[in-house]
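What follows is one structure encoded as structure tokens, with my remarks underneath.
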Amino acid sequence: MCGIVGYIGKRDAAPLLLEGLQRLEYRGYDSAGVAVAGKSGALRTVKAKGRVRELEDRLPKRFTGTTGIAHTRWATHGAPSDENAHPHLDAEGQVALVHNGIIDNATDLRAKLVADGVEFASETDSEVVAHLIGRSSADTLEAKVREALAVVEGTYGIAVLHAAFPDRIVVARNGSPVVLGIGENEMFVASDVAALVRHTNQVVTLDDGEMATLKAGEYRTYTTEGSRTSAAPTTIEWAAESYDMAGHDTYMHKEICEQPDAVDRVLRGRIDDRFATVHLGGLGIDAREARGVRRVKILGCGSAYHAGQIGAQMIEELARIPADAEPASEFRYRNPVVDPDTLYIAVSQSGETYDTLAAVQELKRKGARVLGVVNVVGSAIARETDGGVYVHAGPEVCVVSTKCFTNTAVAFALLALHLGRVRDLSVADGRRIIEGLRRLPEQIAEILNGEDEIKRLAARYADAKSMMFVGRVRGYPVAREASLKLKEVSYVHAEAYPASELKHGPLALIEPEVPSVAIIPDDELLEKNRATLEEIKARSGRILAVGHRVHEIADDTVVVPRNEPELDPILLGVPLQLLAYHAALALGRDIDKPRNLAKSVTVE
Ligand code: AGP
């Protein structure tokens, strides 16, 4: 899941491309490269292992041209190196290509090309496509690219320059996001609007199997078979500033602190006090269909899956519909029995996660009804599903999801309330949940005001050999998400367990160097959870409790404000985002670009 960006217009391309790469670096940051076409069309390329700033340092003073493409990489085929960085050239250096995705049949194609005497400069799958385009005898660049793509299998978002066609950039999409940016006498292309939002808010999102030719001030789209298409431009919802750090040291801290406003946004205009329910305009199922739902199956990856687990509990509690969540890739490959009375819901921040998108496509192929709970407007999963709920968290740049996780859990509370109120949830309960939802923004702000204390605690626990996160029922998905946050950003090993499972094995791990974080709300399981604290303490384990009151037996307690039991998981997770953040800070980690990860996983 790399980031590609391209520019063609009247301005010098290199500075615009570098700025675009910086904004896409959360998609992959192990190497980068840029190619520009001079007046004659001659291509000049610079590549560098490492961050975009390394590439910037390597650029020669005069690296001019008003047409260019660039790439920031997350290695899949071939380790991070100058050679494996993109753009890749063909043997004559006439073609430059940047690619996001995986070419599944690259090995076969490479073997054929090598047998034909082609010498490869890199170990990547992507370079194959550059050679196929370069060797095409077709008259136009569009035809050369189409010819090459006709033999390619796999996922791609590509942008191509050719020295003989200096007046254009040709791009294509299959499975990886490609967005065109329409400017005044200039055109942009990128994997994500973040790279072009400072220059235009008019964009065209390509569909799978779609290509485009960009020229200075014009573009046209067509299929990989060559028939014209006409996607209407849409307006980007978010201002360019919302992609800035707004005075914070990191995007993670900014996005954690944005949560009160973000939650306010996901609630805005959706609450119906008269009928003690909510309006979800884009849901795509009416009350009768909602009453016909016999089961709910939620699919997602990573934090999206964890938010789905919280959503499943809320739907079962408020709408009394059997519901569960499952990692999308597991669901997809276990050949599931797809049931017509089951409502499937795909959850994704980026809306581009390959495993989740493929599960949606598999379900659609089997005639299932699939809704989406998504953050990025117009993303693939949003367009592929039959309807859904946008979570309006705003741009989430940090690889580690925080505000989008919280907004997704709130979106599920809205969906659960909607399904409950078209079934048997009472007006009184509807009102109770609505009041609880309205209290969330101020309660989150209250938790954030306690950051200094959490920072102090993080310094005490950051040296742990490993950490155990435990919770029961509503607390369990919170424990899973908190352990993922700590792992992702601080690299401290952490496991999450249903508290009741401890005595069935994990209790063996308890020792002073392996502290436990216990999620312990004041609900009907309080006494059960207290027993767990006793169990851990009896083995000299250190305990950090997160709950609604101070627990004397614990070494430390973070007290969060109470809300309705069904909504408490939304609040219980917030201090643990700060714990992971400050633990990573104490350990000197690169917060926004944790090693080995990327923001949206567009490859399998
Ligand atoms: C969360 O912090 C991670 N970045 C990761 O687990 C993420 O949640 C997962 O890759 C799913 O991404 P999505 O929500 O964009 O589909």
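The values are calculated or read from the model by the stated rules, or taken from the named source; none is laboratory data. All figures in this text were calculated on a predicted structure; none of them were measured in a lab. Cβ atoms come from the backbone with ideal geometry, glycine included; neighbour counts cover every protein chain shown. Note: accessible area is taken over every heavy atom of the protein model, side chains too, but ligands, DNA and RNA are not part of it. Shrake-Rupley method; radii C 1.70, N 1.55, O 1.52, S 1.80 Å.
The figures follow:
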item: Qualifying GluC sites (Glu not before Pro) for the range 116-145 [loop in DSSP, other Cβ within 10 Å: at most 13]; result: GLU119
item: For the range 243-384: rounded, prolate or oblate by the Cα gyration tensor [a/c cutoff 1.5]; result: oblate
item: J(HN,Hα) series, the range 290-307, from Karplus relation 6.51 cos²θ - 1.76 cosθ + 1.60, nearest Hz, glycine and proline x; result: 5, 5, x, 5, 9, 7, 10, 10, 9, 10, x, 10, x, 5, 5, 5, 5, 5
item: Pairs of Cα atoms farther than 48 Å apart, the chain, %; result: 16 percent
item: Solvent exposure ordering (accessible area, 1.4 Å, most first) of ASP208, ASP108; result: ASP108, ASP208
item: Rounded if a/c under 1.5, otherwise prolate or oblate - the range 527-590, Cα gyration tensor axes; result: oblate
item: The range 310-424 - convex hull of the alpha-carbon atoms, volume per residue in Å³; result: 100 Å³
item: Alpha carbon centroid spacing (whole Å) that separates the range 229-254 from the range 318-373; result: 28 Å
item: Value of relative contact order over the chain, rounded to a whole percent, pairs C-alpha under 8 Å and six or more apart; result: 11 percent
item: Helix-only CD estimate at 222 nm, as mean residue ellipticity for the chain, using -39500 (n - 2.57) per DSSP H run (n ≥ 4); result: -10500 deg cm²/dmol
item: In order through the range 593-599: 3J(HN,Hα) via Karplus (6.51 cos²θ - 1.76 cosθ + 1.60), integer Hz, x for Gly, Pro; result: 10, x, 4, 6, 10, 8, 5
item: In nm, spacing of pseudo-spin labels at ALA115 and GLU289 (7 Å Cα→C-beta vector); result: 5.1 nm
item: Potential lengthening between LYS503 and ASP463 on full extension [0.36 nm per residue; Cα-Cα distance subtracted]; result: 11.9 nm
item: At R0 = 51 Å, FRET efficiency that the Cβ-Cβ distance of VAL338 and ARG62 yields, to 0.05; result: 0.30
item: At q = 0.10, 0.15, 0.20, 0.25 Å⁻¹, base-10 log of I(q)/I(0) for the range 359-447 (Debye sum, equal scatterers on each alpha carbon); result: -0.34, -0.73, -1.05, -1.22
item: Probe 1.4 Å, protein heavy atoms only - accessible area per residue of the chain in square angstrom; result: 37 Å²
item: Burial order of peptide ranges 328-337, 569-578 (average beta-carbon count within 10 Å, highest first); result: 569-578, 328-337
item: Under 13 Å, Cβ to Cβ, from GLY41 - net charge with Lys/Arg +1 and Asp/Glu -1; result: +1
item: The range 159-199: C-alpha gyration tensor shape, a/c 1.5 cut-off, then a/b vs b/c; result: oblate
item: Cross-link pairs beyond the 27 Å C-alpha cut-off, checked among LYS49/LYS112; LYS112/LYS215; LYS455/LYS537; LYS47/LYS593; LYS537/LYS599; result: LYS49/LYS112; LYS112/LYS215; LYS537/LYS599
item: Net +/- balance of residues flanking GLU241 in space, Cβ distance below 14 Å, scoring K and R +1, D and E -1; result: -1
item: Radius 12 Å from Cβ of ASP339, net charge of other residues (Lys, Arg +1; Asp, Glu -1); result: +4
item: Accessible surface of ILE553 - all protein chains present, 1.4 Å probe, nearest 10 Å²; result: 50 Å²
